[in-house]
Amino acid sequence: MNETAFLPDQTLLDNLNEEQRLAVETTEGPLLVLAGAGTGKTRVLTTRIAHILLNKMAWPGEILAVTFTNKAAREMQERVTHLTGTSQALWMGTFHSIGARIIRRHAEKLGLTSSFTILDTDDQLRLLKTILIEQNIDDKNTPPKLFAAIIGSWKDQGLTPDKVTNGQDINQAGGHALKVYRLYQERLKSLNATDFGDLILHMLTLFTTYQDILQEYAKRFKYILVDEYQDTNVSQYLWLRLLASFHKNICCVGDDDQSIYSWRGAEVGNILRFERDYPNAKTVRLECNYRSTPHILAAASAVIANNKGRLGKTLWTPIKEGEKIKLKSLWDEGEESRFVGEEVEALQHHKVSLKDMAILVRAGFQTRSFEERFLTLGIPYRVIGGLRFYERAEIRDAIAYLRVLAVPQDDLALERIINLPKRGIGQATMQQLHTTARNLNTSLYNGIVHLLQIGELKGKLGAALDKFIKDCDRWRSQLDSLPLAEVVELVLEESGYRLMWATEKSPEAAGRLENLKELVRAMGEFESLGAFLEHVSLVTEATNANNGNDMISLMTLHAAKGLEFDVVFLPGWEEGVFPHQRAMDESGTKGLEEERRLAYVGITRARKKLFISHAANRRIYNQWQSSIPSRFIGEIPAEHLDKLSGGMYNAARPTQKDWAGEVAAILGHAAAKVEESRFSTGTRIFHQKFGYGRIQSINGKHLEIEFEKAGHKKVLSDYVEPV
């Protein structure tokens, strides 16, 4: 071992606060480090490794440190090298890279060779498609992506095909899921290949099947360190427990309040039950945040305190001053994007760099209005973790349909969507269409019309293309008589394009449908299809021209984890948008608590300034929908909020409270009128519990009734019937 260190151990420890130092020096036995946002968890992990090495508690090859991303692994490696001067022989990397390293050493035990291939997603889907064809399974109703998701979920749970039981819903995908899983694993072995899920699953198989291999690694690793433990799935959890079974010196660092990836297999229960899994475990809470101001941290702590499924901690900061969180109520998302744009320009005027600002949204479709606004203002921006709105595949597909309506001679647009959704048009047909168009010196569109007229396209193919051409002609004719947004809705609906994504079982499908809704909503801002297409062309040109480094960042809350900015904007804090309605519908309380953890992540990304905004109205498709503020806003104590005035909503409209009251009053008045017409004083009624009686007075839906046997009661009109 290289014993030369750049910093002596005592100097390293002196640079830590009391809790961080305790986490570093507690080297023996299981340890859970609950590290809140901005509390220095990476410093603790790397200093702990350096402390172990410098005090010769273990050689580098006896330490295992795992994390989730290559970036985090590289950063950890660089810091340890800087602190100790040694980087050789450390087992440090992602779960998958460590898994590949171990599996290659024992590949023959798994029926593979050490040179096995790791399939990427595209190769995985192609292999599954081949299996579906061979088994005569309809890949339209049960596409390869559905099987990939089911198989990936089983692997995340540590389930090989022989371990999948009825409890894991083997009847998924038309009852074919388990059969396809078996065939898929057999085919992978014959190809000398694995997928990413196998890199963990095969390690479990090795350790549970070959006790000598498990003992080799469990004895080798005297110290195990795990980063982002709250993001582990069941397979990773089981693997770590097996490795820690000998020395039991496992240190897991994580934050149960930042567990936001259940949709990709993460199990927050892994961190919540750590102390039950390891009875002699110690827990150290890192609560001193060096990132954010007191108001920001107090708000984050107040919101997350409403979750029941957590271990509990309260962030604090040595920073003494800071601005309150700015809360802005607005009339609609258009005013919201204008508000954010104005604030960004004002911050620039005060010398705040764009790269130090970020807008964090719950769903990808929300970026469009901000992108449009920044392009209008000439503010450079980048979309992190995803594409700009008009670059997304589903948006480009929909726009290609519209380009064909506007200019039937647009061959590039026609080629993009002629078989989307699938119409049975293969390579041979496309070659025939291209040849015809060249011979006639015309467009593909006119070439199809010509072939249909002379009867060259027959059967299902001819019927499909005939319908496609007639649909396009009909949609084009409606551009002059219907609002643009309605025509776009017809195109998406009648072409089957929206249905294609609605029946798609991939995790991305719901987001794509939301983006299509946003596209339809955007159409309401343009007088004609030509104006919209020209706008898209200008937007694309403008975004391609932005190549500077000083840009404001737009991203989803999921993509923001691990990042921090001086200024953060959190727009769209409305019920149904955030917390997201689908998350609550599908997962109930569990889904709501994960949404609240997302709110916690969003708030704690801000160092100095935080803006939260909500709109009273949002346009979904072509319909305006009223919104109420997110419940998360109500969970922030008033003393940490600075409610901003001004704007269309506050100046020209009632306040949110008055507006809600006005609506309630109108509805109450209408209800009263309905009840007065349905009932009147003296009307004889029947109640299921109290029997017969006569109405004495009416106040809206509230009735006072003298029952023949039960006496005088006040009841709601919904529970009585006139007789």
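List, in order, the whole-Hz ³J(HN,Hα) value for each residue of the range 257-271 obtained from phi through the Karplus relation with A = 6.51, B = -1.76, C = 1.60 and θ = phi - 60°; use x for Gly and Pro.
Each residue of the range 257-271 in turn: 6, 10, 7, 10, 10, 4, 5, 10, x, 5, 10, 4, x, 4, 7 Hz.
Would you list which lysines come within 18 Å of residue 643, measuring only between C-alpha atoms, while excluding same-chain residues fewer than 8 positions from it?
Counting by Cα, and skipping residues close in sequence, residue 643 has these lysines nearby: 324, 326, 328, 608, 609, 657.
If the only charges are +1 at each Lys and Arg Cβ and -1 at each Asp and Glu Cβ, what is the size of the charge dipole of the chain around the Cα centre, to the nearest 20 debye?
1260
Sequence neighbours fewer than 8 away in the same chain don't count; with that in mind, list the aspartates and glutamates whose C-alpha is under 19 Å from residue 351.
Hits, sequence-local ones excluded: 323, 342, 343, 550, 564, 566.
Is the range 198-238 best put as rounded, prolate or oblate by its Cα gyration tensor, with a ≥ b ≥ c the root eigenvalues, rounded for a/c under 1.5, and otherwise prolate when a/b is larger than b/c, oblate when not?
oblate
Rounded to the nearest 500, what is the chain's calculated 222 nm mean residue ellipticity when only DSSP H runs of at least 4 contribute -39500 (n - 2.57) each, over all residues? Before the final figure, lay out the partial values.
Working: 30 runs with 347 residues, N = 723.
Result for the chain, helices only: -14500 deg cm²/dmol.
In whole Å, what is the distance between the alpha-carbon centres of the range 261-291 and the range 375-438?
Cα centroid of the range 261-291 versus Cα centroid of the range 375-438: 46 Å apart.
Return the FRET efficiency for the residue pair residue 645, residue 71: r is the Cβ-Cβ distance, R0 is 41 Å, and the value is rounded to the nearest 0.05.
Step by step, r from the Cβ atoms, then E = 0.45.
What ranking do 125-131, 476-482 get when scored by the average of other Cβ atoms within 10 Å per residue, highest first?
125-131, 476-482
Obtain the nm distance between the two label points defined at residue 563 and residue 28 by a simple spin-label model: each point lies 7 Å from its Cα along the Cα-to-C-beta direction.
Label at residue 563, label at residue 28, 4.5 nm between them.
State, to one decimal in nm², a quarter of the convex hull surface area for the C-alpha atoms of the range 427-561, i.e. the direction-averaged projected area.
The number I arrive at for the range 427-561 is 12.5 nm².
Measure up 71/222; 41/145; 155/561; 458/505; 163/282; 129/422 against 27 Å on the Cα-Cα distance and list the ones that go over.
On the way: 71/222 25 Å; 41/145 36 Å; 155/561 25 Å; 458/505 33 Å; 163/282 34 Å; 129/422 16 Å.
As for pairs spanning more than 27 Å Cα to Cα, those are 41/145; 458/505; 163/282.
With a cut-off of 8 Å between alpha carbons and a minimum separation of six or more residues, what is the relative contact order of the chain in percent?
15
Starting from 0.36 nm per residue, how many nanometres of slack lie between residue 680 and residue 692 once their C-alpha separation is accounted for?
Length gained, residue 680 through residue 692: 2.8 nm.
Using Cα-Cα distances under 8 Å and only pairs 6 or more residues apart, what relative contact order does the range 257-382 have, in percent? All intermediate terms of the calculation are to be shown ahead of the outcome.
Numbers: 76 pairs, mean separation 24.0, N = 126.
So the answer I get is 19 percent.
List, in order, the whole-Hz ³J(HN,Hα) value for each residue of the range 498-507 obtained from phi through the Karplus relation with A = 6.51, B = -1.76, C = 1.60 and θ = phi - 60°; use x for Gly and Pro.
5, 4, 4, 7, 5, 9, 5, 9, 6, x
Below 8 Å, C-alpha to C-alpha, sequence gap of six or more: please give me the relative contact order for the range 362-499 in percent.
Details: 90 pairs, mean separation 27.0, N = 138.
Computed over the range 362-499, the figure is 20 percent.
Please work out the FRET efficiency for the pair residue 454 and residue 477, using the Cβ-Cβ distance as r and a Förster radius of 30 Å; give the result to the nearest 0.05.
The value I calculate is 0.80.
Report in % the part of the accessible area of the chain that belongs to carbon and sulfur, leaving out ligands and nucleic acids; probe 1.4 Å.
Using a 1.4 Å probe with all protein chains present, the chain comes out at 50 percent carbon and sulfur.
Let's see if you can work this out: charge +1 on each Lys and Arg Cβ, -1 on each Asp and Glu Cβ, no other charges. What is the dipole magnitude of the range 304-359 about its Cα centre, in debye to the nearest 20? The partial results should precede the final answer.
Details: 10 positive and 10 negative charges, 123 e Å.
Roughly 600 debye, rounded to the nearest 20.
With +1 assigned to the C-beta of every Lys and Arg and -1 to the C-beta of every Asp and Glu, and no other charges, what is the dipole magnitude of the range 477-522 about the Cα centre in debye, to the nearest 20?
That gives a dipole near 180 debye.
Can you list the HN-Hα couplings for the range 195-205, worked out from phi with the Karplus curve (6.51, -1.76, 1.60; θ = phi - 60°), rounded to whole Hz and with x for Gly and Pro?
The phi angles translate into 10, 5, x, 5, 5, 9, 4, 5, 5, 4, 4 Hz.
Of all the stretches in the chain, which is the longest one without any exposed loop site, taking GluC sites (Glu not before Pro) in a DSSP loop (any state but H, G, I, E, B) with at most 15 other Cβ atoms within 10 Å?
Between exposed loop sites, the widest span is 29-320.
In terms of modelled amide H atoms, which long-range or inter-chain residues lie less than 5 Å from the amide H of residue 85?
Close amide H contacts, sequence-distant or interchain: 6.
What shape does the range 34-190 take by its C-alpha gyration tensor, where a ≥ b ≥ c are the square roots of the eigenvalues and a/c under 1.5 counts as rounded, a/b above b/c as prolate, and the rest as oblate?
prolate
Per residue, what accessible area does the chain have, given a 1.4 Å probe and all protein chains present, in Å²?
Result: 46 Å² of accessible area for each residue.
The values are calculated or read from the model by the stated rules, or taken from the named source; none is laboratory data. As the structure is a prediction and not an experimental result, all values here were calculated from the model. Note that we place each Cβ from the backbone using ideal geometry, even for glycine, and neighbour counts take in every protein chain shown. Each accessible area value is taken on the protein alone, full model and side chains, heavy atoms only, with ligands, DNA and RNA left out. Shrake-Rupley method; radii C 1.70, N 1.55, O 1.52, S 1.80 Å.
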